[in-house]
Amino acid sequence: MNQKLLLQWISQKQVVVPVFLIENYAKLGLNEQEFACVLQVQSFIEQGEPFPTPDRLSERMSLTTSDCGALMGGLVKKGYLSLDKQWDQHGILYEYYSLDPLWEKLCSFIQSEETKGIEKEEEENAANLYQMFESEFSRPLSPIEAETLSMWIDQDHHSPELIIGALREAVVSGKLNFRYIDRILFEWKRNGIKTIAQAKAHGEKFRKHQQPRKQEKERVRSDSYPSFNWLQK
């Protein structure tokens, strides 16, 4: 490439287009002509020409002036482009185009996609929970057990991680039943425990506190007092 042309090309302003818009403009309801028109309008705005006329757009696109006018009118009507007015420093009222409505739609779409992603992840986690419980219980869950598991997630807002931790605690304790697991989760929630790390720290703290008392009781009447577990009634 000719060096002079290369330097001229480098010195030109660049039009920044979000990749997310390029990948999803069709999902936002834009067709190819509308998307090309949006890019042209953005280019004009960044070049200091905020009110490009249909004639100016037609010079850059393979469309007639009439088609460009209809295209821009359609973008305004659909809420992708706005035609605003403002007074300049000399008190002259002028019109200009703004792509803010498009960026707002794009932000809403991104948030919607994130929400869908979170919901899908939650559904997958819930499905994995059911499979894990059925695996540990070596049988399908009863309707009441399935409902209880759903309540832990939807009503009590226990994280899947914490529910799995309570399940493992029940397995290790040899008390594999939903009533026992529910007591574990209730105790954790009452103490503000939201992570497995916090649950482990709470358990260690409780055991250290209970150990001296347990040893003292065993010295007095070792055959009269069963070992105390905070997860039991």
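The values are calculated or read from the model by the stated rules, or taken from the named source; none is laboratory data. Owing to the predicted nature of the structure, the values given are computational and were not obtained by experimental measurement. Glycine also receives a Cβ, built like all others from the backbone with ideal geometry; neighbour counts cover every protein chain displayed. The protein model used for the area step is the full one, side chains on, heavy atoms only, and it has no ligands, DNA or RNA in it. Shrake-Rupley method; radii C 1.70, N 1.55, O 1.52, S 1.80 Å.
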(request) For residues that are closer than 20 Å to GLU34 by Cβ and surrounded by fewer than 10 Cβ atoms within 10 Å (Cβ to Cβ), tally how many sit in the range 84-121. (result) 0
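Looking at the range 160-190 only, could you name the residues that are of a type in the set (Phe, Trp, Tyr) and either open to solvent by 70 Å² or more (accessible area, probe 1.4 Å) or within 15 Å of HIS202 (Cβ to Cβ) (or both)?
Hits for the range 160-190 are PHE186, TRP188.
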(request) Could you figure out which of (1) open to solvent by 40 Å² or more (accessible area, probe 1.4 Å); (2) free of Cβ contacts under 8 Å to residues at least 60 places away in the same chain isn't true of PHE35? (result) (1)
(request) Please determine, by comparing only the residues of the range 144-199 that are over 14 Å from PHE133 (Cα atoms) and among the hydroxyl-bearing types (Ser, Thr, Tyr), which one is nearest to the chain's Cα centre (by Cα). (result) SER159
(request) Hey, can you tell me all the residues within the range 40-81 that are within 17 Å of TYR96 (Cα to Cα), touching a residue at least 24 places away in the same chain (Cβ under 8 Å) and surrounded by fewer than 16 Cβ atoms within 10 Å (Cβ to Cβ)? (result) GLU46, GLN47, PHE51, GLY74, GLY79
